[in-house]
Amino acid sequence: MTAEPQPTRPATDAEVLQPGTSETDAGGLTPDGPAPLIPPRQTAPQQTAPQQTATPLPEHRIKRTRISGLWVSVGFFAVVLLLLLIFILQNGTKVDISYMGAHGHLPLGVALLLSAVCGVLLVVLAGAARISQLRTVARRHRRADAKRVTAAQAAAGPAGSTR
């Protein structure tokens, strides 16, 4: 069995390439040979009911902003302050406090809260010292890198200029 080539005929006005169609739609050649002719498109509106497609709507994502993070943190700290207030009010018995020769009377909740705040301040001091140390090292590295770049530019400058 041998495949005989299909005779081609001139394209009619309905088969002329329309915007949005490809050459194979209008009877052009395909890599396999001549493409089959496709009947012209119907331009009359069809009286069919609109089809309900089940395409989901695009999911809109709202990006997080710094202000939204601030509102979350304000709410969190308000809850923490409320819990601290309840703690202080429930531990209202007076206790004797002595610190480096100073003596006084404080409610138990206030004394415990004061000691917790002092502990947090010690941690903040240690963290600030470490951050300062890291910034100093980073500054040294930036300066060394800048010196290397200027030295490389100076060495390549006169020989590397092409005008």
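The values are calculated or read from the model by the stated rules, or taken from the named source; none is laboratory data. Just so it is clear, the structure is predicted and the values come from calculations on it, not from any experiment. When we count neighbours, we look across all protein chains shown, and the Cβ atoms used for this are built from the backbone with ideal geometry, even at glycine. The accessibility values were calculated without ligands, DNA or RNA, using every heavy atom of the protein model including side chains. Shrake-Rupley method; radii C 1.70, N 1.55, O 1.52, S 1.80 Å.
From most to least packed by mean Cβ count within 10 Å, the peptides 109-117, 149-157 give 109-117, 149-157.
Enter the accessible area per residue of segment 53-143 (Å², integer; probe 1.4 Å; all protein chains in place). Provide the component values of the computation, followed by the final result.
Values: 8450 Å² over 91 residues.
Ligands and nucleic acids excluded, the result is 93 Å² per residue.
Count Lys and Arg as plus one, Asp and Glu as minus one, and take only other residues whose Cβ is under 14 Å from that of Arg139; the net charge is then +4.
In this structure, the amide hydrogen of Leu106, modeled 1.01 Å from its nitrogen in the peptide plane, lies closer than 5 angstrom to those of Val95, Ile97, counting only residues at least 5 positions away or on a different chain.
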